[in-house]
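Novice: Supplied in structure tokens, the structure appears directly below.
The values are calculated or read from the model by the stated rules, or taken from the named source; none is laboratory data. If you're wondering where the values come from, they're calculated on a predicted model, not measured in any experiment. Because the Cβ atoms are built from the backbone with ideal geometry, glycine has one as well, and the counts that use them run over all protein chains shown.
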Amino acid sequence: MSTELCGIELAHPIINASGTFDAIAARRVFGDALIERFPFSAFVSKTVTLAPREGNPPPRLWETAGGLINSIGLPNKGLRRYLAEDLPVLAGLPVPLIVNVMGFTREEVAELVSAFSEREEVAALELNVSCPNVETGLVMGADPGEVGALLDRVRPLTDKPLIVKLTPNATDVVAVARAAQNAGASAVSLINTIRGMALDPRSGRPWLGGTTGGVSGPAVRSVALAQVHAVAGAVNIPIVAMGGVQRGSDALDLIRAGARAVAVGTESFRDPAAGARISEQLAVLAAKSGLSRGATSLNC
């Protein structure tokens, strides 16, 4: 089940979704066993911003029927400390490193892309475009024009693959995907979480410290399948699909819908080795269904 994503060779199609697997913490807990049996064929970092972020106030998680709502708020050390502290550790992983970045203006994203473009440890960049552009007030990933303008600004800054992570909260996800492709994106990834909220059963007030959060897990699987299928019919660049993947059959569905690679997110909170398990299940199912590498490439 080896595959290729934007020139990056992957041992199998299963990677992690950004922010859902802390490889540094896992290394502290599992030691060398993590390196020997790393569950993913590539590692996608949690989001890096220019300045450090503390994230949203607690509580940050709510278990919902068939999923999870998170309002984490992208806490991170910021670019300078990430480069000094985290990148050297993550470069020791036995798989390619994809760094997820986010900015609140095109210039912020450009500074991040430029900084990582110089680092040989980084195989590719994933652009988190789910935040509002403070200059226009528009959510970058919800507007085709915003996505196109962002790629026009940052594409000339690096030769590394640029994967645009699409938001499912756009009016027309297909139009945004086309705009990303036309402006030079190497691939797109989808879906990100769907906006939702939960109420405290005692007070009736919003439970999450950030009021609303992102819904993930099995509850969004059918939405992911529909959006991946629609985008696959509209673009020619590779798709990294995610959304409620719990088992090999879920991954196979997304590949059949048009994905080149599949990311596991919420399931890793329940089972840290989920990536390896899902990859093994996928290989068995693919062999049984006659889905060869060549057939997979045709679908993608």
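Novice: Quick one: count up the residues across region 11-42 that are closer than 20 Å to Ala283 by Cβ, surrounded by 14 or more Cβ atoms within 10 Å (Cβ to Cβ) and touching a helix residue (DSSP H, G or I) at 6+ places or on another chain (Cβ under 9 Å).
Specialist: 10
Novice: Kindly indicate whether Arg221 is in contact (Cβ under 8 Å) with a residue 60 or more places away in the chain, among the basic types (Lys, Arg) and either buried (at least 18 other Cβ atoms within 10 Å of the Cβ) or touching a His at 6+ places or on another chain (Cβ under 9 Å) (or both).
Specialist: No.
Novice: Please enumerate the residues belonging to region 74-89 that are surrounded by 15 or more Cβ atoms within 10 Å (Cβ to Cβ) and at positive phi.
Specialist: Result: Leu74, single match.
Novice: With the condition kept exactly as written, say whether any residue in region 140-151 is hydrophobic (A, V, I, L, M, F, W, C) and modelled with pLDDT under 95.
Specialist: yes
Novice: List the helices (runs of 4 or more DSSP H) inside region 173-262, counting only whole elements, that have at least 3 residues being closer than 24 Å to Pro156 by Cα and modelled with pLDDT of 95 or more.
Specialist: 173-182
Novice: Could you please find all residues in region 239-266 being in contact with a Pro (Cβ under 9 Å, 6 or more places away or on another chain) and more than 21 Å from Ile163 (Cα to Cα)?
Specialist: If the condition is that a residue be in contact with a Pro (Cβ under 9 Å, 6 or more places away or on another chain) and more than 21 Å from Ile163 (Cα to Cα), then Gln246, Asp250 are the ones that fit.
Novice: In region 178-195, is there at least one residue being within 18 Å of Gly55 (Cβ to Cβ) and in contact (Cβ under 8 Å) with a residue 40 or more places away in the chain?
Specialist: yes
Novice: Note down all Cβ pairs under 9 Å where the first residue falls in region 74-99 and is among the small types (Gly, Ala, Ser), the second is in a strand (DSSP E or B), and they're at least six residues apart or on different chains.
Specialist: From region 74-99, the pairs are Gly78/Val48; Gly78/Arg53; Ala91/Leu97; Ala91/Val122.
Novice: Hey, another quick one. Filter region 124-139 down to the residues that are closer than 21 Å to Gln181 by Cα and surrounded by fewer than 20 Cβ atoms within 10 Å (Cβ to Cβ), then identify the one that is modelled with the highest pLDDT.
Specialist: Selected residue: Val139.
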